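Asks: Encoded as structure tokens, here's the structure I'll be asking about.
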């Protein structure tokens, strides 16, 4: 695939419906090529003075701000309001250089139905870091609002700007950046990142595009980078530096989608998921752990327990109902797992909130 034949590609694949998701393809050799590929989409409108691209379709409304602070250091902020299920799929121009690493902090707000017919707004948060030439497929569900704060950097920029004073694991990080293709995901590892993201949003939406605001954005973007690396060494993925094929990454993404679609049930099993993905259980198990730092069973548990905590804090569902909603077959097992994860029983959290 090349940028030259990109218009023909999007004629065929833009919003192609597959497995219940409308495809949204883009190129990412670099931020500049990404912008070029997005501007070729028939749904895009460009506002250069604001460094803004908007997208308006029956499937989603979206806008993207972009800032090049200096060579090798960009901020790309993307907002989505989803009316249908969307799968974003990155690709690469084989004739162009690809040397950018992409660190993304994403926050999704989604509606959870309540007993009275209303809906509760809950959060789903994660971090992803991707190396050059790694094709990423991401699944997003309708009626969700998403914010993505992406930092695009080159290895050369990191060498010059990642000081040992700011980055205690500088050597390991730079060794990681020397590795082959890769994509790795962490869940909500940094509470401070939410505040930084809100600060970035406020600066962008002021629309002044002044030098002062750009300097503030640059500082906030750097703070987002340090916040990630201060909290990301919770496992050995940086030192292991495992690289998979792009097909493997696609299969892991499909496996995550299946897990999320069955959150309300007890874990459906590795064999079932591997069969759906059409790969071996052993390989999928290993690859999933390399990407997420969790086994598939652990990932299912973690997502459900985080959901349970939000429901305890924000809803009036009783504890038994929350246990059922989050796929636990008994309130006792739910309480035990919850306390192991958060240090308190669900009833203790609810009592404290009341």
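FYI, it's all coordinate maths here, none of it is from the lab. Predicted model only: the values in this text are computed from it and were never measured. No Cβ is skipped: glycine too gets one built from the backbone with ideal geometry, and neighbour counts run over all protein chains shown.
Asks: May I ask you to compute the full-extension gain from residue 226 to residue 264, defined as 0.36 nm times their residue separation minus their alpha-carbon distance, rounded to one decimal in nm?
Replies: Fully extending the segment from residue 226 to residue 264 adds 10.1 nm.
Asks: Report the extension gain between residue 19 and residue 330 in nm, rounded to one decimal, defined as 0.36 nm multiplied by the number of residues separating them, less their alpha carbon distance.
Replies: Details: separation 311, 0.36 × 311 = 111.96 nm, distance 3.26 nm.
Computed gain between residue 19 and residue 330 is 108.7 nm.
Asks: Region 210-278 to region 66-84: how many Å between their Cα centroids?
Replies: 18 Å
Asks: Between residue 143 and residue 175, what length in nm is gained on full extension when 0.36 nm per residue of separation is reduced by their alpha carbon distance?
Replies: Numbers: separation 32, 0.36 × 32 = 11.52 nm, distance 4.01 nm.
Gain in length upon complete extension: 7.5 nm.
Asks: PRE reach from residue 216 (point 7 Å along Cα→Cβ): which of region 47-75 fall under 18 Å by backbone N?
Replies: Label zone hits: 50-51, 65-69, 75.
Asks: Given [x] 18.8; [y] 17.4; [z] 22.1, which label gives mean projected area of the Cα convex hull in nm² as computed from the coordinates?
Replies: [x]
Asks: Roughly how tilted is helix 192-205, in degrees to the nearest 10 and between 0 and 90, from the longest Cα axis of the chain?
Replies: Roughly 50 degrees between the two axes.
Asks: Shape of region 141-297 from its Cα gyration tensor (a ≥ b ≥ c, root eigenvalues): rounded if a/c is under 1.5, otherwise prolate when a/b > b/c, or oblate? If you can, show how the numbers build up before the last one.
Replies: On the way: a/c = 2.51, a/b = 1.53, b/c = 1.64.
Oblate shape, in that a/c is at least 1.5 and b/c is the bigger or equal ratio.
Asks: Output the 0 to 90 degree angle, nearest 10, between the alpha-carbon long axis of helix 281-292 and the longest principal axis computed from the alpha carbons of the chain.
Replies: Relative to the chain, helix 281-292 is tipped by roughly 70 degrees.
Asks: A further question follows. What's the FRET efficiency of residue 342 with residue 4 using the Cβ-Cβ distance as r and R₀ = 45 Å, to the nearest 0.05?
Replies: With R0 = 45 Å, the Cβ-Cβ based efficiency is 0.25.
Asks: Quick one: work out the % antiparallel among DSSP beta bridges in region 6-243, nearest 5.
Replies: 90 percent
Asks: Please find the FRET efficiency linking residue 187 to residue 95, where r is the Cβ-Cβ separation and R0 is fixed at 25 Å, and quote it to the nearest 0.05. Each step should come with its number before you reach the end.
Replies: On the way: r = 37 Å, r/R0 = 1.47.
With R0 = 25 Å, the Cβ-Cβ based efficiency is 0.10.
Asks: In deg cm²/dmol, rounded to 500, what helix-only [θ] at 222 nm does the chain give when every DSSP H run of at least 4 residues adds -39500 (n - 2.57) and the total is split over its residues?
Replies: Numbers: 14 runs with 153 residues, N = 354.
Dividing the helical sum by the residues of the chain leaves -13000 deg cm²/dmol.
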